[in-house]
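Let me begin by presenting the structure, written as structure tokens, before commenting on it.
The values are calculated or read from the model by the stated rules, or taken from the named source; none is laboratory data. Keep in mind it's a predicted model, so treat the numbers as computed, not measured. Neighbour counts are summed over all protein chains in view; Cβ atoms, including those assigned to glycine, are modelled from backbone coordinates with ideal geometry. Note: accessible area is taken over every heavy atom of the protein model, side chains too, but ligands, DNA and RNA are not part of it. Shrake-Rupley method; radii C 1.70, N 1.55, O 1.52, S 1.80 Å.
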Amino acid sequence: MRYYNPISGLALSDADHLARRQAGKHIIDIAIAAVGLMCIIPLLLLIAAAIKFDSAGPVFYRQVRIGRFGRPFTCFKFRSMVVNADVLLGQYLRANESALLEWSQKQKLGSDPRVTRVGDFLRRSSLDELPQLINVLLGQMSLVGPRPIVESEMTKYGDAIGCYLSVKPGITGLWQISGRSDCSYDERVALDTAYVTDWSLSNDFIILVKTIPVVLQQHGSC
């Protein structure tokens, strides 16, 4: 298929057309993230104060995730767990077979002993994800895309890993509006693949709009 530049009238290849749309997506991401961060500074400060008051440890949680083209980046979130969360998780999973099975299937726990009181609220309301707007400004993430994964999760994608690595991970996406933690990991991979395959700016807009009621109603959050 051939497309035409409305200004020059010159024909564009599919690759050129896709590159232009992706450039538009990047500009939209940066603009919304910048305005969004400026508007929510009071909220960010309030959340930071609540985290510090509730439990010892840093305000932000940093974890290395895998981005576009397999490039690792530091993903920012508000800390929602105790500081020794990794050690506590290992102990909990060794003592609870059902929790170990749930973790192996979803990489999440419906009842997670590591989560703090404030952290539980932040997770249910998805407010813990707000610092990822910084990742969007840094060009590491997009507003919409697959859920950012850690390196150990790459094998779970199998042949679909190429789809994941072809785009930037997103703050929200098809997985987030389709059940989130209620979905199995295989369903999550299928949703990420479908997003990449059918990607368009209009689909991104629809996902953003649908994210609002999902977050407010706390569907599939944990």
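For the stretch 102-118, a tally of residues being under 22 Å from A56 (Cβ atoms), without any contact (Cβ under 8 Å) to a residue 40 or more places away in the chain and either hydrophobic (A, V, I, L, M, F, W, C) or exposed (fewer than 11 other Cβ atoms within 10 Å of the Cβ) (or both) returns 1.
Checked against (1) small (G, A, S); (2) open to solvent by 50 Å² or more (accessible area, probe 1.4 Å); (3) touching a residue at least 40 places away in the same chain (Cβ under 8 Å), G139 passes all but a single condition, namely (2). Just one of the numbered conditions (1) modelled with pLDDT of 95 or more; (2) open to solvent by 20 Å² or more (accessible area, probe 1.4 Å); (3) among the hydrophobic types (A, V, I, L, M, F, W, C) is not true of W199: (1). Kindly check whether there is at least one residue in the stretch 94-101 that is touching a Ser or Thr at 6+ places or on another chain (Cβ under 8 Å), assigned to a helix (DSSP H, G or I) and open to solvent by 40 Å² or more (accessible area, probe 1.4 Å). Among the residues of the stretch 94-101, not one is touching a Ser or Thr at 6+ places or on another chain (Cβ under 8 Å), assigned to a helix (DSSP H, G or I) and open to solvent by 40 Å² or more (accessible area, probe 1.4 Å), which makes the answer no. Taken together, the criteria exclude L174 from residues that are touching a helix residue (DSSP H, G or I) at 6+ places or on another chain (Cβ under 9 Å) and in contact (Cβ under 8 Å) with a residue 60 or more places away in the chain. I'd like to know if the stretch 72-92 contains one or more residues that are under 21 Å from the mean Cα position of the chain (by Cα), open to solvent by 60 Å² or more (accessible area, probe 1.4 Å) and modelled with pLDDT of 95 or more. Yes; the residues of the stretch 72-92 include at least one that is under 21 Å from the mean Cα position of the chain (by Cα), open to solvent by 60 Å² or more (accessible area, probe 1.4 Å) and modelled with pLDDT of 95 or more.
The one condition from (1) at pLDDT 95 or above; (2) touching an Asp or Glu at 6+ places or on another chain (Cβ under 9 Å); (3) open to solvent by less than 30 Å² (accessible area, probe 1.4 Å) that V64 does not meet is (3). Of the residues screened, D192 is one that is buried (at least 22 other Cβ atoms within 10 Å of the Cβ) and among the charged types (D, E, K, R).
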